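The values are calculated or read from the model by the stated rules, or taken from the named source; none is laboratory data. All of these numbers come straight from a predicted model, not from anything done at the bench. Cβ: placed from backbone, ideal geometry, glycine included. Neighbour counts: every protein chain shown.
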Ligand SMILES: Cc1cc2nc3c(=O)[nH]c(=O)nc-3n(C[C@H](O)[C@H](O)[C@H](O)COP(=O)(O)OP(=O)(O)OC[C@H]3O[C@@H](n4cnc5c(N)ncnc54)[C@H](O)[C@@H]3O)c2cc1C
């Protein structure tokens, strides 16, 4: 008797959920159908939408509602609070599934190798993001004593970090931030936030909308030095080739020529300043040294040998995320990704049978949520081609009940999709008395309990 194609997806962020969607929409979903189990190490799904996207971006967080449609389908199950490989290994997954897709994303900060990065007061953006987004596995408090703060990097994460540091706690109280984060932000002393990029306005990686949004807060004065507006031939070509880059440059130009207003928190966007050292005294950050750079004609920059010391008491490195290596899978140290061809995991030049990757663990930590969709489609197309060609391994125990019994026997307190609805309702109920859409639960135990795990 033919049975459904059984697929495990490890990591229930957008890439994993879009992969499930692509499988459901494929021809393979017709008789005998597909059956998909998502394994997620957090008690709740949605990856960086829940634990990365800034709380004052409710519209982006709202993508979760669209993703509900996929997880609502009877062919899809969620096993939350299940960690690969501690709770289920690759061999064990292979015993239950025809194919395994890894979509474990990225959680940590990429290193920035300059002297002083280990000083007290020097932080990775990912840690701060996890804190303000209520991630259960990070400390509940965050030191926010610095009056002047540096943020290194010119991508959207740098903007998120700078904006959260520059807004007032009460401005953020309309969002889903948990009580410990609101308390922490109330103690924030930051009056000046300085964002540094080593290249120019044409090379900034901001999205135009995210950049313009900085100016919407009644408490934030965005300041750009007119001397930082500079373009060479490479920059002009880059602006011509990329509409978004052009819009970003135009916004920065407008800000550079306007008068400075009197909003209480100043947010400076500096260009052509390359961070070379975090300065310290008694083990703590007391400044940042940058080297002035200049364009070399191609859009790249070179150092000028002119240095500036900035009076800041904390430094946030927003220079990119990094994925965790996955045990039993090949790993490309340079890119921090699992090597693949069309989503097929490649080890020693050959496809590791029945094993696939998608999302940031495949492409590296760049791109928006929407970009993971096309990526998932490509991976699923490879998987289905292998299925059609009879190249998938045959699992020993494909019955859907077998994996549940396995997790129960291993005493894994897993959450389910029904559990997410309960957690969702509990968080909404917490927010209701304050007229807020939700207030996030932070403690893993509270999340598990609310989910009925
Ligand atoms: C700070 C920040 C802000 C962002 N803001 C925006 C924005 O405003 N708009 C936008 O479009 N994009 C934004 N992005 C980008 C967006 O979050 C990513 O494009 C997207 O989340 C990548 O999806 P993914 O599924 O590959 O990875 P992730 O979202 O990281 O999902 C991976 C999932 O796998 C799980 N996992 C990891 N390891 C394991 C394991 N060993 N076992 C089981 N499960 C595991 C994780 O818990 C996670 O749930 C932002 C990113 C960051 C970092």
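Before moving on, here are some points about what is shown:
- Among the residues examined, residue 59 qualifies as out of contact with any strand residue (DSSP E or B) (no Cβ under 6 Å at 6 or more places or on another chain) and near the ligand (Cβ under 10 Å from one of its atoms).
- Unique match (being within 31 Å of the chain's Cα centre (by Cα), in the same structural domain as residue 51 (by TED's automatic domain parsing) and either farther than 26 Å from residue 52 by Cα or at pLDDT 95 or above (or both)) among 404, 445: 404
Here's the yes/no breakdown for (1) free of Cβ contacts under 8 Å to residues at least 24 places away in the same chain; (2) more than 23 Å from the chain's Cα centre (by Cα); (3) near the ligand (Cβ under 8 Å from one of its atoms):
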| position | (1), (2), (3) |
| --- | --- |
| 1 | yes, yes, no |
| 10 | no, no, yes |
| 33 | no, yes, no |
| 39 | no, no, yes |
| 55 | no, no, no |
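- Meets criteria (in contact with a helix residue (DSSP H, G or I) (Cβ under 8 Å, 6 or more places away or on another chain) and in the same structural domain as residue 283 (by TED's automatic domain parsing)) for residue 298: yes
- Taken over the range 88-144, residues that are buried (at least 17 other Cβ atoms within 10 Å of the Cβ) and assigned to a strand (DSSP E or B) amount to 8.
- Residue check for residue 120: over 30 Å from residue 346 (Cβ atoms), more than 15 Å from the ligand (Cβ to nearest atom) and in contact with a strand residue (DSSP E or B) (Cβ under 8 Å, 6 or more places away or on another chain): yes
- The strands (runs of 3 or more DSSP E) falling completely within the range 238-327 that include 3 or more residues that are more than 18 Å from residue 153 (Cβ to Cβ), at pLDDT 95 or above and touching a strand residue (DSSP E or B) at 6+ places or on another chain (Cβ under 9 Å) map to 273-281, 284-295, 301-310.
- Filtered residue count, the range 31-59, keeping only those that are out of contact with any helix residue (DSSP H, G or I) (no Cβ under 7 Å at 6 or more places or on another chain) and either surrounded by fewer than 24 Cβ atoms within 10 Å (Cβ to Cβ) or in a helix (DSSP H, G or I) (or both): 10
- The set of residues from the range 337-356 being in a loop (DSSP other than H, G, I, E, B), away from the ligand (no atom under 13 Å from the Cβ) and within 23 Å of residue 108 (Cβ to Cβ) comprises just one member, 339.
- The lone exception for residue 68 - which of (1) at pLDDT 95 or above; (2) at negative phi; (3) crowded, with 19+ Cβ neighbours inside 10 Å it fails: (3)
- Residue tally, condition within 14 Å of the ligand (Cβ to nearest atom) and either over 21 Å from residue 117 (Cβ atoms) or in a strand (DSSP E or B) (or both), over the range 145-158: 2
- Yes/no for residue 291 being out of contact with any helix residue (DSSP H, G or I) (no Cβ under 9 Å at 6 or more places or on another chain) and either crowded, with 20+ Cβ neighbours inside 10 Å or more than 19 Å from residue 268 (Cα to Cα) (or both): no
Yes/no matrix, rows are residues, columns are (1) closer than 20 Å to residue 379 by Cβ; (2) at pLDDT below 95:
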{"position": "19", "(1), (2)": "yes, no"}
{"position": "24", "(1), (2)": "yes, no"}
{"position": "27", "(1), (2)": "yes, yes"}
{"position": "43", "(1), (2)": "no, no"}
{"position": "91", "(1), (2)": "no, no"}
{"position": "101", "(1), (2)": "yes, no"}
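- Of all residues in the range 357-381, those that are away from the ligand (no atom under 13 Å from the Cβ) and closer than 18 Å to residue 93 by Cβ total 1.
- Single residue of the range 200-222 satisfying the filter (buried (at least 22 other Cβ atoms within 10 Å of the Cβ) and assigned to a loop (DSSP other than H, G, I, E, B)) that is farthest from the ligand (Cβ to nearest atom): 200
- When residues of the range 352-364 are limited to those that are in contact (Cβ under 8 Å) with a residue 24 or more places away in the chain and surrounded by fewer than 24 Cβ atoms within 10 Å (Cβ to Cβ), the one nearest to residue 386 (Cα to Cα): 353
- Selected residue (only one of 8, 28 is on the phi < 0 side of the Ramachandran plot and assigned to a helix (DSSP H, G or I)): 28
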